[in-house]
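Note sheet for the following structure.
Bear in mind these aren't lab numbers, they're just calculated from the coordinates by the rules spelled out. Just so we're clear, the structure is a prediction, and the values are computed from it rather than from any experiment. Ideal geometry is used to build each Cβ from the backbone, glycine not excepted, and the neighbour counts take in all protein chains shown.
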Amino acid sequence: MNSLGLIWLQFAFCAALIGTAGYQLSSYGDAIARRTGLSGSWIGLALLATVTSLPELATGITSVTVAHAPNLAVGDALGSCVVNLVFLVVIDFFFRREPVWHRAGQGHVLAAAFGVVMLGFTLVSLLISQVKPSGAMAVAASATQLGFGLTTPVLLALYLVAMRTVFAYERDHAVLETVEVGAALPALRTSVIRFAMAACVVAGAGIWLPFVATDLANTMGWNKSFVGSLFVALATSLPELAVTLSALRMGALDMAIGNLLGSNLFNVAIIAVDDLFYRPGVLLASVSPVHAVTAGSAITMTGLAMVGLFFKPGGRVMRAVSWISLGMVAMYLLNTYVLFLHGE
């Protein structure tokens with residue numbers, strides 16, 4: 001087998017590990033939710049979203065420390081946000097009872113709104129970081145002396161505020177979600193142990209993934225921004241897809257949506273964590289400005305999701321998905337095309 005075939009085989013093996021472990025995360029995460037009595041939306045937003053984003057966290061830290069590929073780290077974090085929003089379209093396609101936007105809980109708008117705030121702040125910070133400091137901007141640039149940008153503490157603070165606010169909302173507006181019960185429910189201790197084991201597999205595959213992706217980019221002659229935002233983001237988002245489809249089969253629609261929107265909040269916070277580990281300087285000042293396109297695409301797609309959650313369109317285009325979902329797919333394709341042409 002030639003070197004290119006071996007690299008693709010390694011990439012596929014990483015993806016398979018992440019996808020398989022992601023399914024286990026969904027099963028035991030649901031068991032933990034039902035054993036503890038927490039709402040499906042909150043479990044999806046906090047527990048599942050955090051753990052299914054472990055590949056992005058492991059990939060990002062490894063990319064900026066060992067692999068020396070900052071574009072891969074930022075591309076993976078922002079690209080995963082875009083991929084997760086495409087998974088909402090997947091839900092809309094497979095949830096045949098009615099358009100997903102019509103059935104989804106109103107509380108998801110709050111998580112989506114915080115996502116827009118965090119992504120918007122990241123976009124502005126990325127654009128400012130690309131400009132040489134002069135005048136008032138010298139103050140922001142002085143943050144490089146600390147080893148990280150001013151964006152980092154603000155993003156981490158926004159993430160904590162978002163989680164606290166959404167938790168308070170879910171607590172005050174809890175809605176009982178009917179979930180189909182299959183086999184006997186495992187004990188809480190068993191669920192936690194197996195959940196942790198699956199999380200370790202996901203993290204391990206995430207550590208290996210950036211090296212495979214770097215070899216793939218070099219062999220194929222592709223830019224790392226494109227590889228990170230498309231291939232790596234898709235692979236590290238497989239747990240979200242596994243959890244989403246599993247929750248959908250159980251009838252836990254709000255858990256599925258909460259997982260995707262919560263993962264996006266965590267993915268943006270990962271950029272701040274990556275910046276703390278990136279020693280050469282400020283992370284956003286060391287990456288390609290083309291990532292602004294991905295951030296803008298994620299904002300636009302999240303905005304469309306908020307329109308769908310508010311407006312709740314009831315029809316489908318060609319009996320497939322709603323016009324909201326079509327708009328999100330179009331934005332994803334445009335983002336991919338621009339990254340392929342202009343990425344670094």
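Residues in the stretch 185-191 carry Karplus couplings, in order, of 6, x, 5, 4, 4, 4, 4 Hz; the curve used is 6.51 cos²θ - 1.76 cosθ + 1.60 with θ = phi - 60°, and Gly or Pro positions show x. Multiplying the residue separation of Asp215 and Val154 by 0.36 nm and removing their Cα-Cα distance gives an extension gain of 18.6 nm.
In this simple spin-label approximation, Thr165 and His342 carry label points 7 Å from Cα along the Cα→Cβ vector, and these lie 3.1 nm apart. Mean residue ellipticity at 222 nm, helices only, the chain: -24000 deg cm²/dmol; runs of at least 4 DSSP H residues each add -39,500 (n - 2.57), and the sum is divided by the number of residues.
Exposure proxy for Phe277, Phe231, Phe95, Phe13: other Cβ atoms within 10 Å of each Cβ, ordered fewest to most, give Phe13, Phe277, Phe95, Phe231.
In plain terms, the residue of Thr152, Thr36, Thr219 with the fewest other Cβ atoms within 10 Å comes first and the most crowded comes last, giving Thr36, Thr219, Thr152.
Please give the length that would be gained between Glu98 and Leu188 if that part of the chain were fully extended, namely 0.36 nm times their separation in residues minus their C-alpha to C-alpha distance (nm, one decimal). If you can, show how the numbers build up before the last one.
Details: separation 90, 0.36 × 90 = 32.40 nm, distance 3.38 nm.
That pair, Glu98 and Leu188, stretches by 29.0 nm at full extension.
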